[in-house]
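Please read the structure below before turning to the comments.
The values are calculated or read from the model by the stated rules, or taken from the named source; none is laboratory data. What you are looking at is a predicted structure, and each value in this text was computed from that prediction instead of being measured. Methodologically, a virtual Cβ is constructed for each residue, glycine included, from the backbone with ideal geometry; neighbour enumeration extends over all protein chains shown. With ligands, DNA and RNA removed, areas are computed over all heavy atoms of the protein, side chains included. Shrake-Rupley method; radii C 1.70, N 1.55, O 1.52, S 1.80 Å.
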Amino acid sequence: MRHLHTYLFCLLLIACGSSTHEESEKRRQAKAEDMKRDSLAFKIAVTPTLDCLPFFLAKEQGIFDTLGVDVSLKCKDAQMDCDEAMRSGQIECMVSDLMRTERLRKEGVQLQYLGATNAYWQMIGNRKARIMDIKSLGDKMVAMSRYSATDYLATLGIDSVKPSNPVFRIQVNDVRVRLMMLLNNEMDAVMLPEPQASWARHNNHPVLMDSRDKDIRLGVIAANSRRTADTRRQQQLSLLIKGYEMACDSLNEKGLEHYAFIIKKYCRANDATVKALPRITFPHLAHPRQKDIDRTKGVIWRTS
């Protein structure tokens with residue numbers, strides 16, 4: 001009887017070992033298949049901001065699928081993460097700003113511009129700190145992201161009025177963290193795009209500066225020329241642009257509130273913020289204006 005128990009126990013161990021091996025092999029194969037699909041997909045880095053909304057819409061509503069192009073959205077919390085993904089060759093394309101992309105070009109990353117976006121940025125003051133204008137920022141802190149449109153615009157605004165005391169530029173790369181720091185009274189002013197700017201305004205925080213008032217358009221979509229050089233990638237790129245512009249047409253026709261569920265999902269905005277959004281037009285892709293590209297030349301980045 002003892003030998004029988006030992007025999008059955010051994011059989012059980014063998015069966016369990018075989019089952020564990022099979023499950024492990026299935027997981028390995030599934031992972032390999034996922035990696036293969038991802039390598040073949042056209043990968044674009046996006047952030048939780050409205051300049052990425054046409055891509056969110058085209059993905060969510062199946063526009064890319066209808067066109068027959070496999071697009072993988074790589075959602076990042078900060079634009080610097082998009083930069084790193086581009087540097088390391090993990091993506092084919094990204095939504096960014098000219099300050100960042102021109103800096104990447106200087107580093108040797110081969111980028112081509114697919115077109116400008118409708119992105120704009122506002123400097124929002126903390127109402128509880130009674131920051132009602134940029135001059136009030138002396139000895140105060142403003143949150144932005146280094147080497148970016150927010151860095152450039154913050155410096156431009158501060159230099160235009162020259163507060164009597166220094167203004168401290170604090171690097172906060174995650175745009176949602178920047179917003180929360182304002183709402184939680186941890187920052188005197190922040191640089192925000194949409195929809196985060198609408199969220200702040202809805203909570204009665206005042207606008208100190210708006211990039212649109214200065215006729216500055218720095219939003220851009222850039223692709224890696226090396227990674228999109230072959231015929232298959234060029235076909236994907238062409239369909240990506242077509243899907244993007246189809247999404248723009250739908251947004252312009254139906255409005256932002258019609259796609260509130262997409263904004264809430266990808267930008268993590270609440271209902272009040274979506275309702276507070278201004279009317280925004282999403283143009284078809286056209287090359288960035290030369291005068292906006294020229295703004296990137298000779299920029300001296302400050303470290304404080």
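What to note about this one:
- In this structure, the residue pairs whose Cα-Cα separation is over 24 Å, taken from Lys59/Lys106; Lys162/Lys214; Lys106/Lys135; Lys76/Lys214, are Lys59/Lys106; Lys106/Lys135; Lys76/Lys214.
- Residue-span extension gain [Arg268 to Leu156] - 0.36 nm each, minus C-alpha spacing: 37.4 nm
- Per residue value of the accessible surface for segment 38-99 (all protein chains in place, 1.4 Å probe), Å²: 30
- The distance separating the Cα centre of segment 140-176 from that of segment 259-280 comes to 26 Å.
- Ordering of 245-257, 95-107 by burial proxy (mean other Cβ atoms within 10 Å per residue, highest first): 95-107, 245-257
- Expected-Rg normalisation [2.2 N^0.38 Å, Cα atoms] applied to the chain: 1.24
- Gain in span if fully extended, Ser39 to Leu67, counting 0.36 nm per residue against the direct Cα distance: 8.2 nm
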